Amino acid sequence: MEYKDLDVWKESRELVQMIYNLSKSFPKEEVFGLSHQIRRSSISVPSNIAEGCGRRTSASTLQFLYTARGSLYELETQLILASDQGYLGSEVYEKTLEQIVSCKKLLNGFINYFATK
């Protein structure tokens with residue numbers, strides 16, 4: 001299975017793009033704070049999906065998929081914190097949360113597929 005063909009990987013790449021675009025508007029003092037952290041969390045999702053797909057066993061693949069899922073939850077929390085700080089407009093916030101939820105659903109489906117192998 002080629003990871004680049006997976007909807008979950010494609011959607012998580014879209015999420016990274018959204019995060020990079022929205023974090024550009026964060027205050028300069030957040031460059032090494034929340035901005036850096038939120039970008040790191042978003043990058044972790046497609047990266048761990050790809051690495052998991054490169055593993056030889058389902059158990060090893062699952063480990064990386066669980067890490068990707070954890071990163072989605074971390075990212076969701078960071079997005080909420082950015083909103084709490086007033087760094088995001090409500091439309092951007094809601095649209096990005098929707099993308100996170102979409103990625104969670106796809107990733108949970110992919111995890112369930114490997115868990116039953």
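Rule-based calculations on the coordinates, nothing more; no lab input. The structure presented is a predicted model; accordingly, all values stated were derived computationally and were not measured. Every residue, glycine as well, gets a Cβ built from its backbone with ideal geometry; the counts of neighbours run over all protein chains shown.
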Gaussian network model of the chain, springs between alpha carbon atoms under 10 Å - residue of Ile80, Ile38, Ile19 with greatest fluctuation: Ile80
Student exercise, the chain dipole from Lys, Arg, Asp, Glu Cβ charges, in Debye to nearest 20: 440
Reachable lysines from Lys24, criterion Cα separation under 18 angstrom, eight or more residues apart if same chain: Lys95
Axial C-alpha extent at least 20 Å, average Kyte-Doolittle at least 0.5 - helices from the chain (DSSP): none
Net charge around Ser60, counting only other residues with Cβ within less than 15 Å of its Cβ (Lys, Arg = +1; Asp, Glu = -1)? +2
Mind telling me which of Ser58, Ser90, Ser102 comes out most flexible in a GNM of the chain, alpha-carbon contacts under 10 Å? Ser90
With labels modelled as points extended 7 Å from the Cα through the Cβ direction, what inter-label distance (nm, one decimal) is found for Lys24 paired with Asn112? 3.7
Reported label for calculated Rg/Rh (Cα atoms, Kirkwood Rh) given (1) 0.97; (2) 1.06; (3) 1.01: (3)
Of Phe114, Ile80, Gln17, farthest towards positive along the dipole that unit charges on Lys, Arg, Asp, Glu beta carbons give the chain: Phe114
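DSSP loop chymotrypsin sites (Phe, Trp or Tyr not before Pro) in region 14-112 with at most 11 other Cβ atoms within 10 Å of their Cβ, which ones?
On the way: sites: Tyr20, Phe32, Phe64, Tyr66, Tyr73, Tyr87, Tyr93, Phe110; in loops: Phe32, Tyr87.
In loop regions of region 14-112 (DSSP not H, G, I, E or B), the sparsely surrounded chymotrypsin sites (Phe, Trp or Tyr not before Pro) are Phe32.
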Residue-averaged [θ]222 nm for the chain, counting only DSSP H segments that reach four residues, each worth -39500 (n - 2.57): -27000 deg cm²/dmol
What nm value, rounded to one decimal, do you get for the distance between Glu91 and Thr57 when each label is placed 7 Å out toward the C-beta? 5.0
